[in-house]
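Read the structure below first, then the notes.
Derivation of every value follows stated rules applied to the coordinates shown; laboratory data play no part. Since we're looking at a predicted model, the values are computed, not measured. Every residue, glycine among them, receives a Cβ derived from its backbone with ideal geometry; neighbour counts consider all protein chains shown.
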Amino acid sequence: MESGTDTFVEKTSQLYQDFDHLYMNIFGTEAIVIIIEDGQVNDPALLQAMDRLDHMSSSLPGVVDVQSVATVVKDANFGLTGDASLPEDKAELQSLIDNHVPEQLMPDSTHTLVYVEIAGSLTDDQKQEILREVETSVTFAEFPPDYNVIVTGEPAFMVSMNNAMMSSMGVLLGLSVVLMIVVLYLVFGHVRWRLMPLAIVLLGIIYTFGAMGYLGIPMTMVSMAAFPVLIGLGIDYAIQFHNRIEEELGRGATPAEAVVETIKHTGPAVLIALIITALGFFSLLTSSVPMIQDFAKLLLIGIAMCFLASLFVGVTVIYGLDNMQSIRKKKFGHLSLSGKNKSKTSSPGPGEPKPDILDRMLGLTTRFTIKHPFMILSIAVLLCAGGLVADTQVGIQTDTQTFVPQDLPALIQLGHLSDITGGEDQLNIIIKTDNVADPDTLKWMDEFSSHEVDSRNNIIGAESMASVIKSMNGGIIPESESEIRSLYEQIPGQQKDRFMYGENMLLLNLNVGDVMGSIGMEGFEVLTDIVRDDVLWMSPPPGMTATITGSNVVFIEVIGALTSGRIFMTYLGLGLVFGGLFLIYRDLLKALVPVITMFMVIGWSGGLMYLLGMEYNPMTATLGALILGVGSEYAVLMMERYFEEKEKGASPEEAMTEAGVKIGKAIVISGLTTLFGFSALIASDFGMISGFGMITVIDVGLALFATFVIFPPVMVLLDNFREKRNAKKIMPEAFEDNIETIEIAKYSTDPEADAF
């Protein structure tokens, strides 16, 4: 499992180098914040408890610094008296608090904050371990009973959110499997061993995990969405093989003959569907976000593994079970299928099973769509065009607060901290210079900071080595390098490391408060661009450069990359699917019809999202490519069966009706199984996962609908048109050949020619 910056941003990009390599590794820290409230801050017992917490927390590996009222009072007392302890006199204590404690640590008389700063380069596991230890330290610090103590901060929120998401996904995937079992039991009852496809696809998922391990493909927060997709696709492969082998057995074929016919006809059809699905997914590899690329790799490996499991394991197991059943029947003297041992695929009639209600419905639907093609396609095209226009008006959800359950305790506590402090988001500016003690460098940083705070409403403060030096020198930047270096020597090492690295790097932090909550992502992006323009306008001294970075800057770039490429990836996927079908079949008709069908689904999906007031989020922005892969499979399987029936001598109308009935049932069953599996995700408390589930259910439903309502009339209409056009080309030549034959026969003495 990986969740670092390199899952969001390419390691070779400048964005990654500026944020992760420079800022996080050199200056970056995160703070676990302990809120202490509902009591007087100058209580000696409270400060003693804070002091105990400071001692326990500061000794933890990975903790960079601990700041609290207790640490400030002790430092101030040492500077005045040489005694680095907490005064016992309450008046003396109050005086030190009033004169030395910053507002950051004591926002008001009833709230105080303890900041446990940890290195930004720590892994998620290390952060979770430190958080656990800090919570234990809070317990052992023995705060007075009248005080409410809350452990929060960004690391605490992220750990809690990840744990809640993993727990939620486990429950939802379990519910998804239960719903699939129910669907298979209810609608796949015409075959024996109806739950076997689910076991086969779970085996394929295990193979997928193994392949990921061997190939070094990590799990990310997006990867979790791949497994419902793989279950839906994999169960389709298993159902197609299972349905066909049972169909052949029901016609009276031996198990060996049934296997041969299944592999001969269903194997290539499913393999072609897999290739086209893979081409739809391949467009995801064009994303600039590494976790989307890993998501695509996982999907490509997963569908291959599920196909192999269905082809080799699924068919083999059914063959073996059928043989075992036959042996058992012979052993007990039942030489024919009768009574309760009778195969569910066999029928009273000779060779063909009796149609059930689903067969009849599919047959009626197919005949109706073929009979009224222009009416159906006219409505479909209008709705598609309207949907494509409406899709441009569908918003993109970028407020991360809405991605998580609003009643998540960690979110509530983080919001409470923001209410107390006003927010602590930052823009981080890395200053590269030849000399960190150059007075001109520090003066530029001071002037630039003052300009930003005074002229930009959303910038409420600034921290840098310039502000530290000013506070130590009566509010003035010294004029000489030697004076600055003398002051540097007086600064504690931990404080110096926060703003300076070596001899050529400084850090300027602009405090933007709760900028995401107040002006949102779009507003923060505009603010960042304004600061970038201000750097160009107030250009730094020669030999000095300023680079703007920070977690929110990275977040904006990632969200932009996730959402801006949505339309491009969708149409690239369409192009790849068309090109793949054309290369496989060398037939324009076979390449065009599935693409037309899926194009309709893309338009309808956008229109439905607009009408339902839904928004895209980073998890659903790539669904266009996913639905291309899933939906194209249904269309290709239907098309393969259509041409198989045509080869037997059926007309286009008869072939399509037969295909709709025979393979339609398997497509409906696999589609419903996928639908119900994804519907479990809608129940998630996480808005991002719930939205993903809802949109996927809608799109899979539309893909199923299009396969039975759009594909048949388009295929029959275009196929008839092609046959008529070919007939016109052939007829003149055939007519000339017939005339020539008649002329020869006039002068022949052959009795057969006379008869002709």
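Sort all Cα-Cα distances of region 564-606 into consecutive 10 angstrom bins from zero, then give the percent of pairs in each bin up to the one containing the longest distance.
Bins of 10 Å from zero give 29, 50, 19, 2 percent of pairs.
If you add up the charges near residue 670, with Lys and Arg at +1 and Asp and Glu at -1, over every other residue whose beta carbon is less than 11 angstrom from its beta carbon, what do you get? Write down the numbers at each step before the final one.
Numbers: positive: 665; negative: 236, 633.
So the environment of residue 670 carries a net charge of -1.
Work the Kirkwood hydrodynamic radius out for region 451-598: mean of 1/r over every pair of different alpha-carbon atoms, inverted, in Å.
So the Kirkwood estimate lands at 20.1 Å.
Which of the lysines could a cross-linker span from residue 90 if the Cα-Cα distance has to be under 17 Å and same-chain partners fewer than 8 positions apart are dropped?
74
Could you list 118, 97 so that the one with the fewest beta carbons within 10 Å of its beta carbon is first and the one with the most is last?
Ranking 118, 97 by Cβ neighbours within 10 Å, fewest first, gives 97, 118.
Bin by bin, in steps of 10 Å, what percent of the Cα pairs in region 532-649 do you find, going until the bin that has the longest distance?
11, 29, 22, 15, 11, 7, 3, 1, 0
Suppose we keep just the alpha-carbon trace of region 29-152; what are its Rg and Dmax in angstrom?
14.2, 44
Could you work out how much longer the chain between residue 331 and residue 146 gets when fully extended? Use 0.36 nm per residue separation minus the Cα distance between them, nm to one decimal.
Working it through step by step, the gained length comes to 58.6 nm.
Going by average Cβ density within 10 Å per residue, which order do the peptides 89-95, 597-603 take, highest to lowest? All intermediate terms of the calculation are to be shown ahead of the outcome.
Values: 89-95: 13.4, 597-603: 25.6.
Ranked from most to least packed, the peptides come out as 597-603, 89-95.
With charges only on Cβ, +1 for K and R and -1 for D and E, what is the dipole size of region 409-549 about its Cα centre, in debye, rounded to 20?
240 debye
Can you compute the FRET efficiency between residue 182 and residue 497 using 1/(1 + (r/R0)^6), with r the Cβ-Cβ distance and R0 = 51 Å? Round to the nearest 0.05. Working shown, then result.
Details: r = 59 Å, r/R0 = 1.16.
That gives a FRET efficiency of 0.30.
Going highest first, how would you order 467-475, 275-283 by mean Cβ packing within 10 Å?
Going from most to least packed, we get 275-283, 467-475.
In 10 Å bins starting at zero, report the fraction of Cα pairs in the chain per bin as a rounded %.
Final binned percentages: 2, 12, 18, 18, 14, 12, 9, 7, 4, 2, 1, 1, 0, 0.
Lys/Arg Cβ at +1, Asp/Glu Cβ at -1, dipole of the chain taken about the Cα centre: which of 638, 601, 82 is farthest positive-ward?
The listed residue farthest towards the positive side: 638.
Are there trypsin sites (Lys or Arg not before Pro) in region 611-674 that DSSP marks as loop and that have at most 16 other Cβ atoms within 10 Å, and which are they?
Taking region 611-674 and a limit of 16 other Cβ atoms within 10 Å, the loop trypsin sites (Lys or Arg not before Pro) found are 648.
If packing is taken as the mean number of other Cβ atoms within 10 Å per residue, what is the order of 478-487, 289-298, highest first?
289-298, 478-487
Charges on Cβ only, +1 for Lys and Arg, -1 for Asp and Glu, centred on the Cα centroid of the chain; of 287, 698, 167, which one is farthest towards the dipole's positive end?
Farthest towards the positive pole: 698.
Hey, if you put +1 on the Cβ of every Lys and Arg and -1 on every Asp and Glu Cβ in the chain, which of 60, 651, 148 ends up farthest toward the positive end of that dipole?
Sorting the options by dipole projection puts first 651.
With an 8 Å cut-off on Cα pairs and a minimum separation of 6 or more residues, tell me the relative contact order of the chain in percent.
Averaging sequence separation for qualifying contacts and normalising by length gives 18 percent for the chain.
In the structure shown, do any of 432/496; 11/496; 264/646; 443/470 have a Cα-Cα gap over 19 Å, and if so which?
11/496
Take 306, 384 and order them by how many other Cβ atoms sit within 10 Å, fewest up front.
Least to most surrounded, the residues fall as 384, 306.
Mind checking Rg over Rh on region 264-336, alpha carbons, Kirkwood formula for Rh?
1.30
Sorted from fewest to most neighbouring beta carbons within 10 Å, what does the list 452, 248 look like?
Taking fewest neighbouring Cβ atoms as first place, the list is 248, 452.
In debye to the nearest 20, how big a dipole does the chain give about its Cα centre with +1 on each Lys and Arg Cβ and -1 on each Asp and Glu Cβ?
It comes to approximately 5360 debye.
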